[in-house]
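The next block holds one structure in the form of structure tokens; read it before the comments.
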Amino acid sequence: MFDPISKTILDQIKKASEEEKGAEAEKLRASTYWVLCPSCGKRVAKRQILAEGCWACGWKGTEEELELAKAKRASGQESKAAAESYKTRCPQCGRLVITKELGEKGCYICGWKG
Ligand SMILES: [Zn+2]
Ligand SMILES: [Zn+2]
């Protein structure tokens, strides 16, 4: 038996995790419904691109090709994000400089130091 207080807490936890599950399921549904065209990058309904091809560029392929393109894009985005955190834009001159150097020595172009 639970006392009323801990039961309320448990209910809240249960409710929160159910809401989370709902959001996850919603995300999953959205991600399986829409795909990005491997050729032009436009958002297309997966069912449509498999059946009729991309509405924008006409690309047509199998589900495997779509997955392959998605995986490729994901790995590309990761390395891009890593490169961006390595470099940063100087607030004064706007040039791309190495984050660490900007912090330590300042911008090598304009001399800005934060
Ligand atoms: Zn396309
Ligand atoms: Zn600068």
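None of the figures in this text is laboratory data; all of them are computed from the coordinates on show. All values derive from a computational prediction rather than experimental measurement. Methodologically, a virtual Cβ is constructed for each residue, glycine included, from the backbone with ideal geometry; neighbour enumeration extends over all protein chains shown.
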For this session: Over all alpha-carbon pairs of the range 63-114, lay out the pair-distance distribution in 10 Å bins, whole %, shortest bin first.
Result: 26, 32, 19, 15, 8, 0
Exercise. How big, on average over all directions, is the shadow cast by the Cα convex hull of the chain, in nm²?
Worked result: 13.9
For this session: Using the structure shown, select from Lys21/Lys42; Lys21/Lys100; Lys14/Lys70 the pairs with a Cα to Cα distance greater than 32 angstrom.
Result: Lys21/Lys100; Lys14/Lys70
Exercise. When the chain is treated as a GNM, springs tying every alpha-carbon pair under 10 Å, which of Ala16, Ala69, Ala82 comes out with the largest mean-square fluctuation?
Worked result: Ala16
Exercise. So if we plug the beta-carbon distance of Ala74 and Arg95 into 1/(1 + (r/R0)^6) with R0 = 25 Å, what FRET efficiency do we get, rounded to 0.05?
Worked result: 0.30
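How much net charge surrounds Ile49 when only other residues with a Cβ under 11 Å from its Cβ are counted (Lys, Arg +1; Asp, Glu -1)? Write down the numbers at each step before the final one.
Working: positive: Lys42, Arg43, Lys46, Arg47, Lys60; negative: Glu52, Glu63, Glu65.
After counting each charged neighbour, the total is +2.
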For this session: Could you work out which residue, out of Glu26, Glu52, Glu18, moves most in a Gaussian network model of the chain, that is, has the largest mean-square fluctuation with Cα springs under 10 Å?
Result: Glu18
Problem set entry | Neighbour-count order for Ser39, Ser79, fewest beta carbons within 10 angstrom listed first | Ser79, Ser39
For this session: Tell me which residues come under 5 Å, amide H to amide H, from Arg95 once H is placed; ignore anything under 5 positions away on its chain.
Result: Cys90
